[in-house]
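Let me begin by presenting the structure, written as structure tokens, before commenting on it.
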Amino acid sequence: MLSAPLDHGWIAAHIPHHGSMCLLDRVLEWSEQRIVCQAISHTDPANPLRDAGRLGAANGVEYAAQAMAVHGALLAPSGAAPTQGYLTSVRGLSLHADRLDDVGGPLTVTAERLSGDARLILYQFLVHSGERCLLEGRASVVLDAQSL
């Protein structure tokens with residue numbers, strides 16, 4: 001369903017994360033229910049989420065949250081002003097790795113919309129590299145939080 005390459009520049013222009021905090025490199029595929037993105041920023045020594053030189057696996061939740069933000073931008077009406085969403089909870093989080101910075105290949109970040117309405121969405125997410133699942137869970141996102 002991609003009509004044009006959705007690369008890091010497109011992503012940075014459509015989500016509130018800028019500079020080195022924009023962690024995703026490209027959108028691989030998307031539909032109304034699901035998005036799959038790719039990232040290599042986990043290997044960057046200057047990644048802003050690193051602590052004491054390492055990037056713990058729990059930081060994968062931020063990668064998933066950004067994929068959800070990109071998904072929201074793709075589903076928004078053309079020309080609509082971006083809305084500010086907030087991750088309100090993470091449930092069922094399973095970490096299958098200790099850290100992300102020692103993963104050599106790109107990260108694949110998948111977020112699938114399970115339910116939701118105009119105010120709240122529930123996503124299931126998965127971060128993996130190749131066949132190896134690094135973390136997975138569910139997250140709820142409040143949309144247009146400035147109107148609350």
Amide H to amide H, which residues 5 or more places from Ile15 or on other chains are under 5 Å from it, using H placed in the peptide plane?
none
Pick out which of Ala46, Ala111, Ala97 has the largest mean-square fluctuation in a Gaussian network model of the chain, springs linking Cα atoms closer than 10 Å.
Ala46
Would you mind telling me which residue in Gly85, Gly53, Gly105 has the biggest mean-square fluctuation in a Gaussian network model of the chain, where springs connect alpha carbons within a distance under 10 angstrom?
Gly53
Nearest 10 degrees is fine. How inclined is helix 60-75 to the longest principal axis of the chain, computing both from alpha carbons?
30 degrees
Selection from Leu93, Gly104, Ile121 lying farthest towards where the dipole of the range 89-139 points positive, charges on Cβ:
Ile121
Arranged by the count of other C-beta atoms within 10 angstrom, fewest first, what order do Thr110, Thr43, Thr88 take?
Thr88, Thr43, Thr110
Report, by chain and number, residues whose modeled amide H sits under 5 Å from the one on Arg26, excluding near sequence neighbours (fewer than 5 apart, same chain).
Gln38
What are the extents of the Cα atoms of the chain along their three principal axes, in Å, largest first?
39, 32, 27
Which of Cys133, Cys22, Cys37 moves the most in a Gaussian network model of the chain with Cα springs under 10 Å?
Cys133
Within 13 Å, Cβ to Cβ, of Ile11, how many net charges do the neighbouring residues add up to if Lys/Arg are +1 and Asp/Glu are -1?
-1
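Values quoted throughout were computed directly from the atomic coordinates according to the rules given, and no laboratory measurement underlies them. Here the structure is a predicted model, which means the values were calculated and not measured. Heads up, the Cβs are rebuilt from the backbone with ideal geometry, glycines too, and the neighbour counts pull from every protein chain shown.
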